[in-house]
Amino acid sequence: MSAASASAEAAEPTVAQAFSEAFGTVPSGVWSAPGRVNLIGEHTDYNGGLCLPIALPQRTYAAVSLRPDRRVRLRSVQSSQTYDLGLDEVRAGNPPGWGAYAAGVLWALEQAGHQISGVDLMVDGQVPVGAGLSSSAALECAVAAAASDLMALDLLGDDGVREALAAICVNAENTIAGAPTGGMDQSAALRSQPGFALLLDCRDGSIAQVPFDLAAHGLSLLVMDTRAKHALVDGQYAQRRSSCQDAARQLDVSSLREVAFADLDDALGRLPDSVVRARTRHVVTEIERVRQSVALLRADRMADVGPLFNASHASMRDDFEISCPELDVAVEVAMAHGALGARMTGGGFGGSAIALVPVERTAGVTRAVIQAFADRGFGTPDCFTVTAGEPARRDS
Ligand code: ADP
Ligand code: MG
């Protein structure tokens with residue numbers, strides 16, 4: 001267990017207190033948004049496909065007050081880098097570092113036509129950073145929730161406005177932070193419901209809530225944060241994205257979502273490049289695995305999702321080539337010690353794997369994974385169980 005699993009209740013007074021110490025006043029309120037773990041459907045979002053994230057119990061908290069001017073002062077309990085800038089200075093690449101995610105949301109709200117003012121803001125995040133659990137969207141969505149309430153934008157009401165707010169946060173991450181991510185993370189943080197996985201159709205932004213009650217099935221979802229390096233802003237993610245665009249262009253479709261699973265072999269036969277072929281095979285089969293997972297969960301057959309996790313991992317390892325030795329070992333060892341299924345999750349090249357494990361086998365799987373990492377000279381992984389938590393909200 002890690003600091004990431006600290007109780008949600010504990011972080012609220014901490015962030016308000018940190019705000020007071022930094023700015024010398026009491027914040028107007030505290031807002032929070034969760035990290036997410038994607039159950040299945042990886043690198044499908046920017047292909048107009050399907051994905052199935054849950055909101056994590058781990059959240060990022062933001063204590064915020066409005067300012068009467070257009071200055072933005074940003075602090076984080078997790079970072080020594082502080083910011084004091086004008087809203088008009090926010091643009092692609094500025095501010096650099098973590099401030100881009102927070103200031104970027106204010107910028108994107110203004111771009112969307114909302115009336116924005118400056119803020120004083122203190123962040124305290126429980127979501128491990130760079131672990132593939134989307135601390136970046138948790139940060140954006142906590143800031144967005146605060147701005148919505150404090151500036152009376154009314155973007156936290158029904159799912160329709162939350163969808164609009166998610167798009168604003170995506171714009172902030174894409175444009176200001178320069179990370180070409182799809183829409184899954186922000187949707188998970190804003191549109192999830194506790195006890196349900198979020199089926200997100202990235203072609204039209206529609207969602208469905210899919211039952212995900214682990215305890216009722218005697219199962220746990222184990223997150224294994226490998227702590228291996230992972231950076232979405234580097235070139236690999238963009239390369240995968242552009243391979244998928246190449247494939248869609250060659251197949252004369254608007255996105256790989258338009259390639260039906262039944263037509264996959266035919267489509268592959270029309271792609272001369274073996275790498276582009278493999279990328280396409282991953283995306284099309286992965287979207288099909290999301291469909292099958294959802295059908296099984298709706299039929300109350302959660303344990304049967306396990307083999308789909310394994311097939312998903314193999315596809316990411318072999319066809320999409322986004323795994324790494326740490327992720328492969330976590331998956332293999334979890335399976336060898338009683339997991340029903342395991343796969344890497346998130347953007348890849350490090351970060352976290354997940355395993356669906358009978359509750360009584362969870363401690364054994366955790367011990368075995370930690371031991372296997374030690375035996376191979378990898379860093380110590382952080383293993384913790386999660387359930388489907390709450391979306392962005394006002395806390396106090
Ligand atoms: P992930 O979203 O998987 O955690 P990213 O690389 O997308 O990884 O986002 C991580 C970045 O988000 C960090 O490098 C930092 O800039 C920012 N960030 C997230 N949480 C915090 C926080 N609590 N305080 C400061 N910055 C944060
Ligand atoms: Mg991220």
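Taking into account only those residues within region 356-396 that are surrounded by fewer than 19 Cβ atoms within 10 Å (Cβ to Cβ) and among the basic types (Lys, Arg), which is nearest to residue 219 (Cα to Cα)? Among those that are surrounded by fewer than 19 Cβ atoms within 10 Å (Cβ to Cβ) and among the basic types (Lys, Arg), it is 367.
Scanning region 103-137 for residues that are in a loop (DSSP other than H, G, I, E, B) and more than 16 Å from ligand 1 (Cβ to nearest atom) returns 112, 113, 114, 115, 116, 117, 118. In this entry, residue 134 is excluded by the filter for residues that are among the polar types (S, T, N, Q) and either more than 11 Å from ligand 2 (Cβ to nearest atom) or surrounded by fewer than 24 Cβ atoms within 10 Å (Cβ to Cβ) (or both). Restricting region 152-167 to residues that are open to solvent by less than 40 Å² (accessible area, probe 1.4 Å) and either closer than 14 Å to residue 206 by Cβ or not assigned by TED's automatic domain parsing to the domain that holds residue 32 (or both), which is farthest from the chain's Cα centre (by Cα)? The extreme case among them is 162. Kindly indicate the residue of region 97-121 that is within 16 Å of ligand 2 (Cβ to nearest atom) and not small (Gly, Ala, Ser) and also farthest from residue 67 (Cα to Cα) among those meeting that condition. Restricting to residues being within 16 Å of ligand 2 (Cβ to nearest atom) and not small (Gly, Ala, Ser), the top hit is 98. From the list 124, 149, 185, the lone residue that is of a type outside the set (Lys, Arg), surrounded by fewer than 24 Cβ atoms within 10 Å (Cβ to Cβ) and either away from ligand 2 (no atom under 11 Å from the Cβ) or at pLDDT 95 or above (or both) is 149. Evaluation of residue 195 against the conditions (1) surrounded by 17 or more Cβ atoms within 10 Å (Cβ to Cβ); (2) assigned by TED's automatic domain parsing to the domain that holds residue 35; (3) within 16 Å of ligand 1 (Cβ to nearest atom) shows that the sole unmet condition is (3). Of the numbered criteria (1) aliphatic (A, V, I, L, M); (2) within 16 Å of ligand 2 (Cβ to nearest atom); (3) open to solvent by less than 10 Å² (accessible area, probe 1.4 Å), the one residue 221 fails is (2). Across region 145-169, the qualifying residues are those that are over 15 Å from residue 106 (Cβ atoms) and touching a helix residue (DSSP H, G or I) at 6+ places or on another chain (Cβ under 7 Å), and the one among them that is farthest from ligand 1 (Cβ to nearest atom) is 154.
Among the candidates 93, 97, 48, 35, single out the residue that is closer than 24 Å to residue 180 by Cβ, open to solvent by 20 Å² or more (accessible area, probe 1.4 Å), touching a strand residue (DSSP E or B) at 6+ places or on another chain (Cβ under 9 Å) and at pLDDT 95 or above.
Exactly one residue qualifies, and that residue is 97.
Among the numbered conditions (1) surrounded by fewer than 18 Cβ atoms within 10 Å (Cβ to Cβ); (2) not in a helix (DSSP H, G or I), the only one that residue 265 does not meet is (2). Where strands (runs of 3 or more DSSP E) sit wholly within region 282-396, those with at least 3 residues that are over 27 Å from residue 239 (Cβ atoms) and hydrophobic (A, V, I, L, M, F, W, C) occupy 352-358, 382-386. Do any residues in region 325-343 that are open to solvent by 20 Å² or more (accessible area, probe 1.4 Å) have Cβ atoms under 9 Å from those of residues that are assigned to a strand (DSSP E or B) and not aliphatic (A, V, I, L, M), where the two are at least six apart or on different chains, and which pairs are they? So the pair list comes out as 335/341; 340/358. Selection of region 70-85 for residues being away from ligand 1 (no atom under 13 Å from the Cβ) and either open to solvent by 70 Å² or more (accessible area, probe 1.4 Å) or under 17 Å from residue 172 (Cβ atoms) (or both) yields 70, 71, 72, 84, 85.
The values are calculated or read from the model by the stated rules, or taken from the named source; none is laboratory data. Please read these numbers as outputs of a predicted model, since none were measured by experiment. Neighbour counts are summed over all protein chains in view; Cβ atoms, including those assigned to glycine, are modelled from backbone coordinates with ideal geometry. Ligands, DNA and RNA are excluded from the accessible area calculation, which covers all protein heavy atoms including side chains. Shrake-Rupley method; radii C 1.70, N 1.55, O 1.52, S 1.80 Å.
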